[in-house]
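Read the structure below first, then the notes.
Please treat every number below as a calculation from the coordinates, not as lab data. Small disclaimer: the values here were computed from a predicted structure and weren't measured. Note that we place each Cβ from the backbone using ideal geometry, even for glycine, and neighbour counts take in every protein chain shown.
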Amino acid sequence: MTAIRRVLLLGGSTEAADLARRIVGSSVPIDVTVSFAGRTRERASTPEGITVRVGGFGGITGLKDALHDGGVAAMIDATHPFAARMPFHAAAACRSVGVPLLRVLRPEWAPDLGDRWTRVPSIADAARAVQTSGARRVLLTIGRQDLAPFADCDAELVVRSIDAPDPTVLAGATVLLARAPFTVDGELAVLRSHQIGLIVSKNSGGAATHAKIEAARQLGVPLVMVDRPAAPPVDTVPSVDDAMAWIIERFGASG
Ligand code: NAP
């Protein structure tokens with residue numbers, strides 16, 4: 001009989017949820033725990049057969065202990081492309097404990113013909129770009145945690161996020177609560193009904209939130225695009241298919 005091995009999957013992205021579903025539907029003899037930071041009030045659904053844990057590990061030391069104490073055979077980091085700290089913690093902890101690590105990181109978006117992007121290296125720079133743009137109404141699609149730098153902007157702000165932002169951070173902003181995936185028609189409706197003259201986005205990549213770029217192109221609305229944070233030099237694949245191939249190669253399928 002094949003021994004069941006433990007895999008720790010760092011969640012927080014569409015790919016993490018897809019990968020969990022793919023593993024459960026496969027015959028690979030692994031026991032998967034998905035770990036969430038616990039930032040959203042309602043988590044994306046996790047399939048039956050997957051163990052869920054929520055909350056930080058307590059830095060690199062805590063993560064090393066979790067790998068060691070949990071007898072983890074491999075870790076898959078499928079955190080969001082804008083998770084700035086956790087991928088470095090994963091790299092350091094896995095290196096130290098000798099656990100194989102794979103990062104799933106979807107490709108970035110690139111501007112297409114007709115796109116009007118201003119690329120900026122940080123959220124603070126995005127806020128400065130909004131202020132200098134002269135746009136009257138601005139759609140912020142960067143989540144609810146990074147809004148403070150926009151507090152001094154003169155533009156009317158429309159914030160779209162999964163959970164409601166702290167109302168004291170951007171008092172007076174219009175809030176749209178929604179979770180991806182979004183459609184081009186839906187995005188066109190949002191841009192038109194709120195008379196949006198500028199969009200701020202993180203370069204998250206992926207299909208689920210790409211529709212805003214297509215809609216912006218159609219309406220000639222410019223975007224301020226925030227570049228991704230640095231990533232550690234670890235084994236990285238761009239898709240769930242590739243991650244699944246890595247898992248099968250490492251753990252095989254049960255006989
Ligand atoms: P971060 O800066 O990389 O992480 C901050 C801290 O949160 C980490 O040091 C860790 O705490 C804890 N953490 C992060 N991911 C975790 C996970 N999967 N399981 C357990 N603990 C985790 O990330 P962040 O920007 O705060 O984002 C938090 C989570 O939301 C991430 O999992 C990310 O995938 C997801 N997310 C982020 C964005 C974004 O734009 N930043 C967007 C969508 C989803 P300890 O040091 O105590 O272990």
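Annotations for the structure displayed:
- Charge dipole (the range 61-106, unit charges on Cβ, about Cα centre) - positive-most of LEU67, HIS80, PRO100: HIS80
- Among LYS202, LYS212, a tally of other beta-carbon atoms within 10 Å of each Cβ gives an order, fewest to most, of LYS202, LYS212.
- Across the range 21-35, the residues whose backbone nitrogen lies under 20 Å from the label position 7 Å along the beta-carbon direction of GLU48 are 21-34.
- Burial ordering of HIS89, HIS210, HIS68, fewest other beta-carbon atoms within 10 Å first: HIS68, HIS210, HIS89
- Dipole moment magnitude, nearest 20 debye, the chain about Cα centre, only Lys, Arg, Asp, Glu C-beta charged: 160 debye
- In the range 138-255, a dipole from Cβ-located charges (positive for Lys and Arg, negative for Asp and Glu) runs towards its positive end, and of SER201, VAL234, ALA215 it is ALA215 whose Cα lies farthest in that direction.
- Chain lengthening between ALA189 and LEU176 when straightened (0.36 nm per residue, less Cα-Cα): 3.4 nm
- Relative contact order for the range 41-98, counting Cα pairs under 8 Å that sit 6 or more residues apart, in percent: 40 percent
- For the range 182-235 versus the range 140-171, the gap between their alpha-carbon centres in whole angstrom: 16 Å
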